[in-house]
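The values are calculated or read from the model by the stated rules, or taken from the named source; none is laboratory data. Source: prediction; values computed, not measured. Backbone-built Cβ (ideal geometry, glycine too); neighbour counts: all protein chains shown. Just so you know, the surface numbers come from the protein's heavy atoms only, side chains and all, with ligands and any DNA or RNA stripped out. Shrake-Rupley method; radii C 1.70, N 1.55, O 1.52, S 1.80 Å.
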Amino acid sequence: MRPLKSPPAALVREALVDGLRREGLGLLRWTPHARELRQRLAFLHREVGGGWPDVSDAALLARPDEWLEPELSRAGRRGDLARIEAGQALGRLLPWATGEAARLDELAPERYEVPSGSRIRLDYGGAQPVLAVKLQEMFGLARTPTVAGVPVLVHLLSPAGRPAAVTADLASFWREGYRSVRAELRGRYPRHPWPEDPSDAAPTRYTKARQNRG
């Protein structure tokens, strides 16, 4: 059989959809923003439900008409799929009709503002959102942050940015876990504050010397 010189557009589209189902959605253009959006939508579908879409591979491949058009019908060959920006396409699945789409940044924000004032990016790739932040920037916060009612898993980092502790119960950590972390790290990082009661201390991004200058 010889390939058709000018195959009907419907046949080309069918072949491209079949290729996506066989080879996966990786054929599309996935920027970091698109991957993060997909993770945020998966989180909202799982935890909030309602009109928030299922963005699993199976669900997306079952309904290409709803999010890959008109780009899919304009594609003429496999290589054209890599020009389809997946994040823009996923945006078509947001619950615009109900107005819920406008709450995306409220329910699943890209960043969380910690007590120090820093706005830290959240990671939605796991079972619960993860906030990786330097320990001193969380001083004074008694309650664990939540996103859409789900407790955030806080990765508390040393001044060097290395993991010092992981907790989903910040109040309990300040009472019970902080003492051992303080004993281990304050000698290694003496320029940074290590108060005895972190739940009542001022949060900071800086060393003690810079705090005093400020």
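Roughly what would the spin-label model give for SER172 and SER56, points 7 Å off Cα along C-beta, in nm?
3.0
In whole percent, what relative contact order does segment 139-183 give with Cα contacts below 8 Å and a gap of six or more residues?
33
Once you have a ≥ b ≥ c as the square roots of the Cα gyration tensor eigenvalues for the chain, tell me rounded if a/c is under 1.5, and otherwise prolate or oblate according to whether a/b is larger than b/c.
prolate
Which far-off residues, 5 or more places away or on another chain, put their amide H under 5 Å from the one on ALA165, with H placed in the peptide plane?
LEU156
Rank these residues by their accessible area, most exposed first, probe 1.4 Å: THR204, THR146, THR31, THR98.
My answer, sorted largest first, is THR98, THR146, THR31, THR204.
If contacts are Cα pairs under 8 angstrom and at least 6 residues apart, what is the relative contact order of the chain in percent? Don't jump to the answer; show the numbers that get you there.
Numbers: 279 pairs, mean separation 33.1, N = 214.
The value is 15 percent.
Long-range amide H contacts for LYS134: which residues qualify at under 5 Å (H placed 1.01 Å from N, peptide plane, sequence gap of 5 or more or a different chain)?
For LYS134, the qualifying residues are LEU157.
What accessible surface, in Å², does a 1.4 Å probe find on ARG205, ignoring ligands, DNA and RNA and rounding to the nearest 10?
Approximately 120 Å² for this residue.
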